[in-house]
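The values are calculated or read from the model by the stated rules, or taken from the named source; none is laboratory data. This structure is a prediction, so every number in the text was calculated from the model and none was measured. Here the Cβ is made from the backbone with ideal geometry for all residues, glycine too, and neighbour counts use every protein chain on show.
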Amino acid sequence: MAATGRERPSGWYMAPVLTFFGVFAVLPMVLVVYLSFTDWDGFGFPSLSGGGNWSRALQDPEVGRSLVLTLVFMVLGWVVQTPIAMMIGVWAAGRQRNRAVLSSIFFLPVLLSTAAIALLWKSVLDPNFGLTQQLPFLDQFSFLGDQSLVIYTVAWVLTWQYVPFHTLLYQSAARGIPVSIYEAATIDGAGRYKQFFAITLPLLRYTLITSTVLMLVGSVTTFDTILLLTGGGPGTATRIAPLYMYITGFGAFEFGYASAIAVILLVLGAGLSLAVTRLTGFRKMSSQQEGL
């Protein structure tokens, strides 16, 4: 009996997705790995150089310094962004007065482009005519020119840029928590803070893991905000690894060496993501609403 259209293998339905993933994800990664073993200035054909780029990367102190700085921004971003995004997200999931209006204001950075955000804050923090110079208690600081302050300044800008996105994740997850659980906790005498730590926070653990993985991966790919805001300066105070890779490739036209740095970032991001999902048991997650 001839097979009908409904009896075709389900694998065919995955063909478009697999093709898209292969062309736009797997193939570029394979090409980057190949380029990391070549000398190429962006013109003509790449010439194989063996492991020269990798030997140089392992001996280049700037690579190590930029990777350490990337990890610093990664940890600093997670520590600052996570509690802020979680608190705003849980609050936005409620039914408070004027919640919709305030939430729309909080989420405005999501609608802005990276270039607009970087240029906006660069103008605000400009040491000559920026808004901070009009305030008596801030005019003594050079937020983008002081090496001891610029790291925290960039961390603040990145927090302002990405917190709204993670807030949406927490808001969506918090709205999925059944109200009956809170009603039962209220009957048992649990206050608002106890309900948060005993109910809300545990039920947001998978969202917390997802947000954490996105932050970790984002930390090894974000460079455009820093490029437009500080250019990696002052000096090399904010030259993180993704920015160093960009400067090496598109500034010095050493695409082979830049590809080696890109592979290092790829391994770092993938390794951190796998470590988080394995250590937290995220891969074995199950429904948190069974029996409700």
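Quick notes on this structure:
- Across segment 227-235, a minimum of one residue is classified as crowded, with 17+ Cβ neighbours inside 10 Å, among the small types (Gly, Ala, Ser) and without any contact (Cβ under 8 Å) to a residue 60 or more places away in the chain.
- When residue 69 is tested against (1) more than 18 Å from the chain's Cα centre (by Cα); (2) surrounded by 13 or more Cβ atoms within 10 Å (Cβ to Cβ); (3) aliphatic (A, V, I, L, M); (4) farther than 23 Å from residue 205 by Cα, just one condition goes unmet, and that condition is (1).
- Check on residue 80, under 15 Å from residue 231 (Cα atoms) and among the β-branched types (Val, Ile, Thr): no
- For segment 47-68, the condition holds for at least one residue, the condition being that it is at pLDDT below 95, farther than 26 Å from residue 233 by Cα, of a type in the set (S, T, N, Q) and touching a strand residue (DSSP E or B) at 6+ places or on another chain (Cβ under 9 Å).
Conditions (1) assigned to a helix (DSSP H, G or I); (2) touching a residue at least 24 places away in the same chain (Cβ under 8 Å); (3) more than 18 Å from residue 87 (Cβ to Cβ); (4) within 31 Å of the chain's Cα centre (by Cα), marked per residue:
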| site | (1), (2), (3), (4) |
| --- | --- |
| 165 | yes, yes, no, yes |
| 170 | yes, yes, no, yes |
| 177 | no, yes, no, yes |
| 182 | yes, no, no, no |
| 185 | yes, no, yes, no |
| 195 | yes, no, no, yes |
| 202 | yes, no, no, yes |
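Okay, residues lined up against (1) under 22 Å from residue 154 (Cβ atoms); (2) part of a helix (DSSP H, G or I); (3) under 14 Å from the mean Cα position of the chain (by Cα):
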residue: 217; (1), (2), (3): yes, yes, yes
residue: 232; (1), (2), (3): yes, no, no
residue: 236; (1), (2), (3): yes, no, no
residue: 242; (1), (2), (3): yes, yes, yes
residue: 248; (1), (2), (3): yes, yes, no
residue: 261; (1), (2), (3): yes, yes, no
residue: 264; (1), (2), (3): yes, yes, no
residue: 267; (1), (2), (3): no, yes, no
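- Selection count where residues are closer than 19 Å to residue 217 by Cβ and either among the charged types (D, E, K, R) or touching a residue at least 60 places away in the same chain (Cβ under 8 Å) (or both), scope segment 243-258: 2
- Of 45, 37, 107, all but one fail to be under 30 Å from residue 165 (Cα atoms) and of a type in the set (A, V, I, L, M, F, W, C); the exception is 107.
- Selection within segment 32-64: residues that are polar (S, T, N, Q) and in a loop (DSSP other than H, G, I, E, B). The member of this set that is farthest from residue 254 (Cα to Cα) is 49.
- Some residue of segment 139-158 being out of contact with any Pro (no Cβ under 6 Å at 6 or more places or on another chain), part of a helix (DSSP H, G or I) and of a type in the set (Asp, Glu): no
- As a summary of the residue check, residue 190 satisfies the conditions (1) touching a residue at least 40 places away in the same chain (Cβ under 8 Å); (2) surrounded by 15 or more Cβ atoms within 10 Å (Cβ to Cβ); (3) of a type in the set (A, V, I, L, M, F, W, C) except for the one numbered (1).
- The number of residues in segment 81-130 being loosely packed, with under 12 Cβ neighbours inside 10 Å and either touching a helix residue (DSSP H, G or I) at 6+ places or on another chain (Cβ under 7 Å) or part of a helix (DSSP H, G or I) (or both) comes to 8.
- Set side by side, the residues 49, 123, 36, 66 differ, and just one is in contact (Cβ under 8 Å) with a residue 24 or more places away in the chain, over 29 Å from residue 216 (Cβ atoms) and among the polar types (S, T, N, Q), which is 49.
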